[in-house]
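Chemist: The structure is given below, and queries will be raised subsequently.
Since every read-out is calculated from the coordinates, none of them should be taken as a lab result. Because the structure is a prediction, the values reported are computed rather than measured. As a convention, Cβ positions derive from the backbone with ideal geometry for all residues, glycine included, and neighbour counts pool all protein chains shown.
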Amino acid sequence: MRRALLISLAAVGLMAAEPAAAPDRPLPDARQEARARALFVDIRCVVCQHESIADSPAGIAGDMRRLVREEIAEGRSDAAIREDLVRRYGDFVLFRPPVRPATWLLWFGPLALVVLAGIGLMLAGRRRPPEVTALSAEEERRLTELMQEQAVRPDPDASSPNDRHGDGSTI
C-alpha cells in the first residue's frame with residue numbers, strides 16, 4: 001500500500017514537471033547565430049529570473065531562443081527584437097531595462113536607499129545629548145542619605161562566592 005502511494009506521488013510529480021525544451025537549432029549563417037547568442041545573454045528567462053535565456057534549461061527559455069532566431073532570420077534589428085520581447089513580457093525581461101519613469105525605482109532605488117541611510121546616520125550623529133543639570137543642595141543631601149542606607153542594608157538576593165553557609169561550605 002505504501003509503495004503504491006509513493007509511486008503515485010512520484011507519477012504526479014513527473015506529470016507536473018515542465019516538459020524539456022526542444023533542442024536548439026542554430027541559424028545557418030554564423031553572423032546571425034552570433035547576433036542571436038549575444039541577444040540571449042541580455043534577455044532574462046521569465047521562469048528562472050536570475051538566468052539569461054542562454055543559460056536557462058526552462059522550456060520557455062527555449063521558446064524565447066527560437067523566437068529570437070526566427071526574428072533575426074526575418075531580418076529584424078536587435079532593437080526591434082528587444083522591443084518585441086518587452087512588449088510581450090515587460091521591461092523585466094531585459095537584464096538592462098531602459099531608463100524611463102516606470103523603471104526609475106529599479107535604476108535609482110539602491111542609490112536612494114544608500115543616500116537616505118547616510119542622511120539618517122548623519123542626523124543621528126548630530127543629535128545633541130540631553131542637557132544634564134546639576135543637582136540642587138537638597139537633592140545632593142537626599143542622594144547621600146540613600147547611598148548610606150544602601151551601604152547598611154545589603155541586598156538579600158545578592159551573594160558573594162566567598163559567602164559561607166553555617167556548616168563552613170561555600171555556596
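Chemist: So which GluC sites (Glu not before Pro) in the range 99-139 are both in a DSSP loop and have at most 10 other Cβ atoms within 10 Å of their Cβ? Intermediate results must be reported in sequence, preceding the final value.
Modeler: Numbers: sites: E131, E138, E139; in loops: E131.
Of the GluC sites (Glu not before Pro), the ones in loops of the range 99-139 whose Cβ has at most 10 other Cβ atoms within 10 Å are E131.
Chemist: Given points 7 Å out from each Cα along the Cα-Cβ axis, report the D78 to R25 separation in nanometres with one decimal.
Modeler: 2.6 nm
Chemist: Moving to a separate point now. Hey, any idea what Rg/Rh is for the range 71-137, computing Rh the Kirkwood way over Cα pairs?
Modeler: Values: Rg = 25.5 Å, Rh = 16.6 Å.
That ratio equals 1.53.
Chemist: Please identify the trypsin sites (Lys or Arg not before Pro) of the range 80-151 that satisfy two criteria: DSSP loop assignment and at most 16 other Cβ atoms within 10 Å. Which are they?
Modeler: When the trypsin sites (Lys or Arg not before Pro) of the range 80-151 are filtered for loop state and at most 16 Cβ neighbours within 10 Å, R127 remain.
Chemist: So for the pair T133, I119, with labels modelled 7 Å out along Cα→Cβ, what separation do we get in nm?
Modeler: Between T133 and I119, the simple spin-label model gives 3.5 nm.
Chemist: Ranking request for peptides 63-71, 27-35: highest mean number of other beta-carbon atoms within 10 Å first, then the rest in descending order.
Modeler: Packing order, densest peptide first, comes out as 63-71, 27-35.
Chemist: Now for a separate question. Short version: what are the Cα gyration tensor semi-axes of the range 30-100, square root of 5 times each eigenvalue, largest first, in whole Å? Please list the in-between numbers first.
Modeler: Values: eigenvalues 59, 44, 21 Å².
In descending order the semi-axes read 17, 15, 10 Å.
Chemist: Let's test the formula: R0 of 41 Å, r as the Cβ-Cβ distance of Q32 and W104. What FRET efficiency results, to the nearest 0.05? Please list the in-between numbers first.
Modeler: Numbers: r = 35 Å, r/R0 = 0.86.
Once rounded, the FRET efficiency stands at 0.70.
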